[in-house]
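Following: one structure in structure tokens, then a few remarks.
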Amino acid sequence: MKELKKSDYFGIDEISRIQQMNADCEPNGKKENHTYFRSLSTEEVDLNNNLIHQSFEEINLLKEQIKDLNAEKKELEKTIAKAHDEVHSGQIKKVGTIWQIVNDGFLETINQEGYVIESKRHSEMKNMFNNKKAM
């Protein structure tokens, strides 16, 4: 990086510098608003490099947060889908022990919480198991 060349006006406060340059420009010079480029100083390059490095670190952190949020969102979507299916069907899928007990002519399937989850006439079940065509 090359060092910036300092003019005779360098080091003067801004107001005095502008007044002096306006005065020195008057006879033969020209003053105009213009877009231009200048080389960066070593300090400016270092500051920009630090800014770039910090920005990349923040971007990576945000990417991780996005990944975590997307995983959380996916779990919530699964919860919503499961609840929607249960509401729509009126049933909940459970895994557990069930008992089939004959009660007053009905074969009742009872879960471990004590709820009757299915009830059929006992004769229907008997016929199903005794049907020779099924064997």
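Nothing in this text is a laboratory measurement; each read-out follows from the coordinates by a stated rule. Because the structure is predicted, anything quoted here is derived from the model rather than measured. Backbone-built Cβ (ideal geometry, glycine too); neighbour counts: all protein chains shown.
Annotations for the structure displayed:
- Unit charges on C-beta of K, R, D, E only; dipole of the chain, Debye: 1220
- Dipole magnitude of the stretch 14-89 about its Cα centre (Cβ charges: Lys, Arg +1; Asp, Glu -1), debye to nearest 20: 240
- Overall, the ratio between the Cα radius of gyration of the stretch 1-104 and 2.2 N^0.38 Å, rounded to two decimals, is 2.76.
- Relative contact order of the chain, defined on C-alpha pairs under 8 angstrom at six or more residues apart (%): 11
- Measuring between their Cα centroids, the stretch 1-42 and the stretch 45-81 lie 44 Å from each other.
- With at most 14 other Cβ atoms within 10 Å, longest stretch of the chain clear of loop chymotrypsin sites (Phe, Trp or Tyr not before Pro) (DSSP): 38-114
- Label zone (Glu64, point 7 Å along Cα-to-C-beta; backbone nitrogen cut-off 20 Å) within the stretch 39-56: 51-56.
- Span-like helix criteria (full DSSP H runs; alpha carbon extent of at least 20 Å along the helix axis; mean Kyte-Doolittle hydropathy of at least -0.5) are satisfied in the chain by no helix.
- Two-site FRET efficiency, Ala83 against Gln54, from Cβ-Cβ distance with R₀ of 41 Å, rounded to 0.05: 0.45
- Over the residues of the chain, the helix contribution to mean residue ellipticity at 222 nm works out to -18000 deg cm²/dmol, using -39500 (n - 2.57) for each DSSP H run of at least 4.
- Among Asp13, Asp46, the ranking by other beta carbons within 10 Å of each residue's beta carbon, starting with the fewest, stands as Asp13, Asp46.
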